[in-house]
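The next block holds one structure in the form of structure tokens; read it before the comments.
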Amino acid sequence: MHLYGTEQLINWRRELHQNPELSNQEFATTQRITRWLQQGNIRLLPLKLKTGVVAEIGQGEPLIALRADIDALPIDEKTQRPWASQTPGVMHACGHDVHTTVMLGVAHRLKQQEARLPGRVRILFQPAEETFNGAQQLIDAGALDGVQAIFGMHNAPDLPLGEFRTCGGALYANVDRFVIRIQGKGAHAARPHDGVDTIVIGSQIVTALQTLPSRMFSSLDSVIVSVTRFTAGNTWNVLPHTIELEGTVRTHDAGIRDAAPEKIRTLIQGIASGFGATADLEWIAGPPALINTPQWAEFALELAQRSGYRTALASPQMGGEDFAFYLHHVPGVFINVGSASDAGLHHPAFDPDESLIEPAVNYFTQLAPRALSAVAGL
């Protein structure tokens, strides 16, 4: 019987769920995690972090890392659960409370076998995953120094309980954002010939952007261009002088990612110029594609199968995950486990099945010493 068994894990998860905090504001969450780790005499690294915690268990040169994300989302919860968020407008709608709980359980159980570990396990309780800047904060603070392999997880509401998926290579996409600003000439709606109609220009740009995946890149490549905001005008009878479009480009290919801004810029400026307007592009780079190390993906799948999970190769997804930043520094793998929620991630009714926590704790508790042995060549 584990000192930190299923009941304790569920209690931790529900307390975290009731008290969510937004990215880079996880002060009380950090205090809770710190207190719970200290209750098990788990060593904390004195890194300079505004929020977040890094713990370490074991001794010796071999060093692997496990990662959990700790931030919530600006969403009003609609689950009606007794442990629903007590903070209006903020909710753990992505399951980071579940991920944190899993790694808390792993930390305590590894501590119980610390003397037998063939090295050190560093556990990263990372802030600000939702804003895609938390991983880089930890890297800059030294949390990845000396790490030879890193492992992370995400719950998957579209998968049933007991389902485990990952793959070698690309799992999540590059996530880049763009803002297009078009400047024309305002006019009365009854006299459009006196102006340069930015709404017509913007509409043609929205349509033209959809030709990028099919005409400017190979149809065999995974590319998505989505315009998600079209802001124009403030009254019904005036053509606006300026408009603004915003959206995202997703791809798994670094070459396509590098080429996309210039292709978009050429396209929008050509269309705008044809109407006598100007168009400018602002490109905001997000996290890179998450590229799993094939050997570690195979390692993770084999252990999952032996641990009782139903395993399958994951299909690449177009969502983003800032765990990708770690994998651009050290090898490792990110995995998905089923959480069987009727509502999906980032939905106000998202409600993962807590039964996933105990098997996930057991899995990563087994993975850590095996991964240490693998990096040590034992």
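The values are calculated or read from the model by the stated rules, or taken from the named source; none is laboratory data. Computed from a prediction, not measured in an experiment: that's the story for all the values here. For neighbour counting, all protein chains shown are included, and Cβ atoms are generated from backbone atoms with ideal geometry for every residue, glycine included. These area figures cover heavy atoms from the full protein model, side chains too; ligands, DNA and RNA do not enter into them. Shrake-Rupley method; radii C 1.70, N 1.55, O 1.52, S 1.80 Å.
At a glance:
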| quantity | calculated |
| --- | --- |
| Label zone at Val200 (point 7 Å along Cα-to-Cβ), backbone N below 18 Å, the stretch 274-308 | 274-279 |
| Dipole of the stretch 245-372 [Lys/Arg +1, Asp/Glu -1 at C-beta], most positive-end residue of Pro294, His328, Leu245 | Pro294 |
| Whole-percent carbon and sulfur share, accessible surface of the stretch 82-126, 1.4 Å | 51 |
| Label point 7 Å beyond Cα of Ile284 along Cβ direction - residues of the stretch 304-331 with amide nitrogen under 12 Å | none |
| Cβ-Cβ FRET estimate between Ser218 and Thr131, R0 fixed at 22 Å, reported to 0.05 | 0.10 |
| Two-site FRET efficiency, Ala312 against Gln183, from Cβ-Cβ distance with R₀ of 45 Å, rounded to 0.05 | 0.35 |
| Cβ-Cβ FRET estimate between Glu244 and Arg116, R0 fixed at 41 Å, reported to 0.05 | 0.10 |
| Added length on full extension, which subtracts the Cα-Cα distance from 0.36 nm per residue, Ala376 to Lys263 | 36.1 nm |
| Surface per residue (accessible, 1.4 Å probe) for the stretch 159-286, Å² | 49 |
| For the chain, calculated [θ]222 nm from helices alone, where every DSSP H run of n ≥ 4 adds -39500 (n - 2.57) | -10000 deg cm²/dmol |
| Average accessible area per residue (Å²) across the stretch 1-155 - probe 1.4 Å, nucleic acids and ligands excluded | 39 |
| Degrees separating the helix 27-39 axis from the principal Cα axis of the chain, which is the longest one | 20 |
| Taking all pairs of distinct alpha-carbon atoms in the stretch 259-368, Kirkwood radius in angstrom | 17.8 |
| Degrees between helix 294-306 axis and first principal axis of the chain (Cα, 0 to 90, nearest 10) | 50 |
| The stretch 340-373 residues near the modelled Glu61 label - backbone nitrogen below 20 Å, point 7 Å along Cα→Cβ | 369-373 |
| Partners for Lys48 among lysines (Cα-Cα distance below 25 Å; same-chain residues under 8 apart left out) | Lys111 |
